[in-house]
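Please read through the structure below; I'll follow up with questions.
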Amino acid sequence: MAFEDQVKAFGMTNLLIESDIDRLESKLSLKLRDVDKGDSNQNAIERAYFPQFEESLRNEAAAMAKSYELFYCLEKTIRKQISDLLEANKGSDWWNDTIVPQHIVGEVKKRIQREQESAITPRSFEPLDYTNFGELGEIIKANWQIFASIFSNTKAVEKVMFNLNSLRNPIAHCSLLAEDEKLRLELSLRDWFRLVE
């Protein structure tokens, strides 16, 4: 075996071992190694405060982390797809056009105002980021003539958005997802990407 092939085999073997250790840690709720993930200040805070929470709560949080990551990525992707498509069809000032239902525009203004009055760092400078998940579906339906270019069926979009909105609530409000709901999240994720293929 050539030296380059030996190095590749060594690297792949290490990756497989790490993957097996990760799987065992997850399956057995163990911590077999302490991997520094970079932010030493964050790690210090975790070491100081995280152990003060009940172990069962820490285990729930670890179990929910992947669902949160999946939903976070999906929701950000959906927002970007909506924004990109509306900008491509209506220009960069599409939010101020009449294409977003006025009750949504009004609610977003209220949310932005509340955030400004609370003196916290703004979550975004994009009004679309202040919409809730159900409102995203309403924006798609209100502009179906534009979104029909990527979606084939309005009922299918409504169904997938409804399922995702139902799953979003327990994830966003720190409730543990049942195994069936984790499966439903994975299926809804697949459904979304099937819609936009």
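Every read-out reported here was derived from the displayed coordinates using simple, explicitly stated rules and does not represent laboratory data. These figures come from a predicted structure and were not determined experimentally. Methodologically, a virtual Cβ is constructed for each residue, glycine included, from the backbone with ideal geometry; neighbour enumeration extends over all protein chains shown.
Cβ neighbours within 10 Å, averaged per peptide: list 164-171, 115-122 in order, most packed at the top.
164-171, 115-122
List the pairs from 110/141; 76/182; 80/159; 27/80; 141/182; 90/110 whose alpha-carbon separation is above 29 Å, in the order I gave them.
In this structure, 27/80 lie more than 29 Å apart at Cα.
Translational D (Stokes-Einstein, µm²/s) of the range 57-148 at 10 °C and 1.306 mPa s when Rh comes from the Kirkwood sum over C-alpha pairs?
107
Return the FRET efficiency for the residue pair residue 150, residue 126: r is the Cβ-Cβ distance, R0 is 22 Å, and the value is rounded to the nearest 0.05.
Here the calculated transfer efficiency is 0.60.
With the contact rule set at Cα under 8 Å and sequence spacing of 6 or more, what percent relative contact order holds for the chain?
After rounding, I find 19 percent.
What ³J(HN,Hα) values, in whole Hz, does the Karplus curve 6.51 cos²θ - 1.76 cosθ + 1.60 give for the range 175-185 when θ = phi - 60°, with x put for Gly and Pro?
10, 6, 7, 5, 4, 4, 6, 4, 5, 4, 5
Report the Cα centroid-to-centroid distance between the range 150-181 and the range 107-145 in angstrom, as an integer.
19
Provide the net charge surrounding residue 141, with neighbours chosen by a C-beta distance below 15 Å and charges set as Lys +1, Arg +1, Asp -1, Glu -1.
-1
Is it possible to state the helix-based mean residue ellipticity at 222 nm for the chain, with each DSSP H run of 4+ residues giving -39500 (n - 2.57), the sum divided by total residues, to the nearest 500 deg cm²/dmol? What is it?
-23500 deg cm²/dmol
A follow-up question, please. How much net charge surrounds residue 112 when only other residues with a Cβ under 15 Å from its Cβ are counted (Lys, Arg +1; Asp, Glu -1)?
Residues close to residue 112 contribute a combined charge of -1.
Can you check how the C-alpha radius of gyration of the chain compares to 2.2 N^0.38 Å, as a plain ratio?
Compared with the compact-globule rule of thumb, the chain sits at 1.33.
Under 13 Å from the Cβ of residue 63, count the other residues' Cβ atoms, weight Lys and Arg +1, Asp and Glu -1, and hand me the total.
-2
Also, I was wondering about something else. Ranked highest first by the average count of other Cβ atoms within 10 Å around their residues, in what order do 97-106, 82-91 fall?
Ranked by mean Cβ neighbours within 10 Å, highest first: 82-91, 97-106.
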